[in-house]
Amino acid sequence: MNRIILSLLLAGLAATLPASGQGTAGPLTLISHEMRQLRPQSEPSAQMPLGGPLSVISVTSYIPAIIRVADASTSLPDFATELGRRGDLVLINVPEDRLTEVLSAPGVLRMESGVCAVPAMDMARTCCHLPEALAAFPPELTGKGVVVGFSDVGFDPNHINFSDGAGCSRVKEIYSYRRDRQLPVTALTPAEIAAWSTDDPHNWHATHVAGILAGSYRDNSFYGVAPDAAIVATTSPLYDAYLLAGAERCVEYARSIGAPAPVVNMSVSSMTGPHDGTTLFNQYMRRLAEDAVICISAGNEGNRWGAAFPFRSSAARPCVQAIAREHVPARLESFSGVVDFWSYDDTPVTLRMLVYDLTTSAVTATVDLSELYNGTHHDLTLVTADLAEATDGTVCEPLGEAFRSAWVRFSWEINPENGRYNIVYAFDWDRKEDGQHEYRLGFELEAPEGKGAEVYASSDINFQRTDDPAVKPDFTNTMTINDLACGGDVAVVGAFVSRATGSDVAGKVAQFSSFGRVDGRTLPDFCAPGAAVVSSKSTPYYNANPDEALPQWSAVDAGGRMNYWDTASGTSMSSPYAAGVFALWLQACPTLTPVEILQAAAATLTPAPDSDPRWGGGILNAEAGLKEAMRLAGISDVTTDAASPIDFKRLSSTQIGITAYTVTLRSVTVTDMAGRTVMSVTPGAENYTLSLDGLPAGIYLVTASTARSTRTLKAAC
């Protein structure tokens, strides 16, 4: 049982973390190291070659974490690599064997670590009034002059979809965070980017997301929303601290070139967490949103009724029971998962472990966990006898009777960020060779009358009721919103159907799209196209997986390199669509702040066509939002003298022909969106060719005047 033994070796470290003292770590942090083994598909192998120059592979394993320190000036130990800092919140990378030392360091108050998230265009381009928005702003809105970025996994930077018209890559920087590296592997020059293959040859997700956001290949109809935007790509195994560190790199690049606030997409989701916006991740995101427009997926659990449920005790029902089952019923060789319990306040709830026989539909054992509540333990580990010597766990006979080998871990605290009592229950088991029975683990949750908890399952689990109707929980899909999206000040994006496929009806909200209410807010903020969206797929992915069926939508041979496009569905697809729209608004209104972009979106949503709560606030409206963004930026509609003889003609991307038929042009003035004059000439003729070469990318007002009339044009360059 190597998988469980590996988890247990890491668990030994987690068990040594102090539960109180100078620094504290929450239950999910204590179990984070086991979670790496529970989600191996999310993390590339340490031996997997990345594109770009590499040194010898390090044997040290690093843990990404978010910590709270005493104040913004608190220094960290030399062995803790700082990846980002905003006030008293710091992103760090720490050698695994020195993690305990961080919590013992002066000024370190709190640590959260280990949340590992889980990871289009021909029909989608006609949605959300995008064509009308593009038509309303000649010559063209393409995202030019705006930086877009993402934190994702599986990026192919040399896909033809990310080239400009001259064949040069629009990817400006690549940062790849890995747990075997203290600092990210980078590609920061055109040569390094051209030599880069991918961060993960077994994943295509980031390539598809980036294509929706900013794909530029125009010889098919699958190009992205902002095809001229500059791209900063950050990839990782999707740990929370790495996601935030990647977004920081996007902010840094935009500042370095004097661009507007960047647009950062996070097509990631996590079901574990309090779903109240109080995690250190949510707090850091709110600070990051001061400098970047952030779009994040609502999640894909909207039709998953067994993902979460609320429980409030009553005299008639003081407890509930649930079984932690796999999504698709099967005869499994092994299974692992995490259940996260959050009381409504600091009142402890009582948890008992259940062993359930699927064959007989009966609870075969109930294990008392009173050690959790005696005030001296913050965690408890139960194991089968074969693992007793390798761990500090307590041998649990019911586990040995049901499973060949098993490990179960419980950890609890009163969370200092929200004052709520929290228990995390993690397990990992191997099936016993017994053709007569099929077992699963579950729990019984009890609370004082009027008290209770919200219960959330990791992505591997779908709860099942026992056969006792007196203790059945009220399963619901109304608590499925992504915990990473609960902090506020970001755009939380749900998905609707833009392409009819199978049972999906165009124009309807996608049934998988997650939703919920957080602190009085209805989420998602709005929906965008996210079902069966066509976008680019990673060429290294298909090269490394020759048995994978090649895409049917498009394949292009460019210089001997095949480039592919295919469909995918999810709020992972709708979030970059919204991010691309925001990049267009920033091109038109580069002085707008991230808050103003979100205000423009919220004020102009198209009402949902029906009452399905998955719609959230409504549907993104690219055209109406653009007009509101221009109003917020102080850009009124350009006035034109109807009798003016002046005519404008776009000659190229940077040249404009100006003609005043039979009269003389007295002046031509160019101003930026802040009202500053950047160019002024006196043509003294009826024809003049204005060149915008050398001006920073952005939107300008070109005003031409004769003795009796004036005409103004909005021009992008």
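The values are calculated or read from the model by the stated rules, or taken from the named source; none is laboratory data. Only a predicted model underlies this, so the values are computations on that prediction, with no experimental measurement involved. Positions of Cβ are generated from backbone atoms using ideal geometry, with glycine treated the same way; all protein chains shown enter the neighbour counts.
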message: As an exercise: evaluate Ala80 against (1) of a type in the set (A, V, I, L, M, F, W, C); (2) within 26 Å of Tyr253 (Cβ to Cβ); (3) modelled with pLDDT under 90 and give the number of the one condition it does not meet.
response: (3)
message: Just to be sure I understand the filter: pairs with C-beta atoms under 9 Å, separated by 6 or more residues or on different chains, first member in region 94-105 and under 9 Å from Ala80 (Cα atoms) and assigned to a strand (DSSP E or B), second member modelled with pLDDT of 85 or more and of a type in the set (Val, Ile, Thr). Which pairs pass?
response: Val94/Ile63; Val94/Thr81; Val94/Val102; Pro95/Ile63
message: Report every pair of residues separated by at least 6 positions or lying on different chains whose Cβ atoms are under 9 Å apart, first residue within region 585-608 and under 20 Å from Cys127 (Cβ atoms), second surrounded by fewer than 16 Cβ atoms within 10 Å (Cβ to Cβ).
response: Ala600/Arg631
Filter result for Leu695 (surrounded by fewer than 17 Cβ atoms within 10 Å (Cβ to Cβ) and among the hydrophobic types (A, V, I, L, M, F, W, C)): yes
field: Residues (closer than 18 Å to Tyr661 by Cα and assigned to a loop (DSSP other than H, G, I, E, B)) located in region 693-710
entry: Thr706, Ala707, Arg708, Ser709
task: Might you let me know whether region 402-413 holds any residue that is over 36 Å from the mean Cα position of the chain (by Cα) and outside any strand (DSSP E or B)?
output: yes
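Quick grid of which residues meet (1) surrounded by fewer than 19 Cβ atoms within 10 Å (Cβ to Cβ); (2) outside the structural domain of Tyr239 (by TED's automatic domain parsing); (3) at positive phi:
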residue	(1), (2), (3)
Gly419	yes, yes, yes
Asp428	no, yes, no
Lys432	yes, yes, no
Leu445	no, yes, no
message: Test of understanding: among Asp276, Asp240, which residue is assigned by TED's automatic domain parsing to the domain that holds Val595 and either surrounded by 24 or more Cβ atoms within 10 Å (Cβ to Cβ) or over 28 Å from Val518 (Cα atoms) (or both)?
response: Asp240
message: So, Thr391, is that one surrounded by 16 or more Cβ atoms within 10 Å (Cβ to Cβ), touching a Ser or Thr at 6+ places or on another chain (Cβ under 7 Å), in the same structural domain as Arg440 (by TED's automatic domain parsing) and not in a strand (DSSP E or B) or not?
response: yes
query: Of all residues in region 287-316, which are within 21 Å of Ser514 (Cα to Cα) and more than 14 Å from the chain's Cα centre (by Cα)?
result: Glu301, Gly302, Asn303, Arg304, Trp305, Gly306, Ala307, Ala308, Phe309, Pro310, Phe311
task: Take Ala105 and decide whether it is surrounded by 17 or more Cβ atoms within 10 Å (Cβ to Cβ), over 26 Å from Val185 (Cα atoms) and at pLDDT below 75.
output: no
- line: Among (1) within 46 Å of the chain's Cα centre (by Cα); (2) crowded, with 16+ Cβ neighbours inside 10 Å; (3) at pLDDT 85 or above, Leu665 falls short only on (1)
- prompt: Here are some residues: Asp525, Asp557, Asp467, Asp489. Which one is assigned by TED's automatic domain parsing to the domain that holds Ala600 and more than 19 Å from the chain's Cα centre (by Cα)?
  reply: Asp557
- prompt: When region 492-517 is examined, which residues are found to be of a type outside the set (D, E, K, R), part of a strand (DSSP E or B) and modelled with pLDDT of 65 or more?
  reply: Val492, Val493, Gly494, Ala495, Phe496, Val497, Val509, Gly516
task: Would you mind stating whether Ser569 is in contact with a strand residue (DSSP E or B) (Cβ under 9 Å, 6 or more places away or on another chain) and either modelled with pLDDT of 90 or more or surrounded by fewer than 18 Cβ atoms within 10 Å (Cβ to Cβ) (or both)?
output: no
field: In region 279-319, residue surrounded by the most Cβ atoms within 10 Å (Cβ to Cβ) [restricted to those that are within 21 Å of Leu89 (Cα to Cα) and among the hydroxyl-bearing types (Ser, Thr, Tyr)]
entry: Tyr284
- prompt: What about Ala166, is it out of contact with any helix residue (DSSP H, G or I) (no Cβ under 7 Å at 6 or more places or on another chain) and under 29 Å from Ala601 (Cα atoms)?
  reply: no
- request: Confirm whether Gly337 is of a type outside the set (Lys, Arg), in contact with a Ser or Thr (Cβ under 6 Å, 6 or more places away or on another chain) and assigned to a strand (DSSP E or B).
  value: yes
Of all residues in region 586-637 being among the hydroxyl-bearing types (Ser, Thr, Tyr) and over 19 Å from Tyr700 (Cβ atoms), the one that is surrounded by the fewest Cβ atoms within 10 Å (Cβ to Cβ): Ser611
- prompt: For region 625-643, does any single residue satisfy the condition of being modelled with pLDDT of 85 or more, among the small types (Gly, Ala, Ser) and within 32 Å of the chain's Cα centre (by Cα)?
  reply: yes
message: Looking at region 603-621 only, could you name the residues that are outside any loop (DSSP other than H, G, I, E, B) and in contact with a strand residue (DSSP E or B) (Cβ under 9 Å, 6 or more places away or on another chain)?
response: Thr606, Pro613, Arg614, Trp615, Ile619
- prompt: Can we say Thr359 is β-branched (Val, Ile, Thr), assigned by TED's automatic domain parsing to the domain that holds Arg465 and farther than 20 Å from Leu445 by Cβ?
  reply: yes
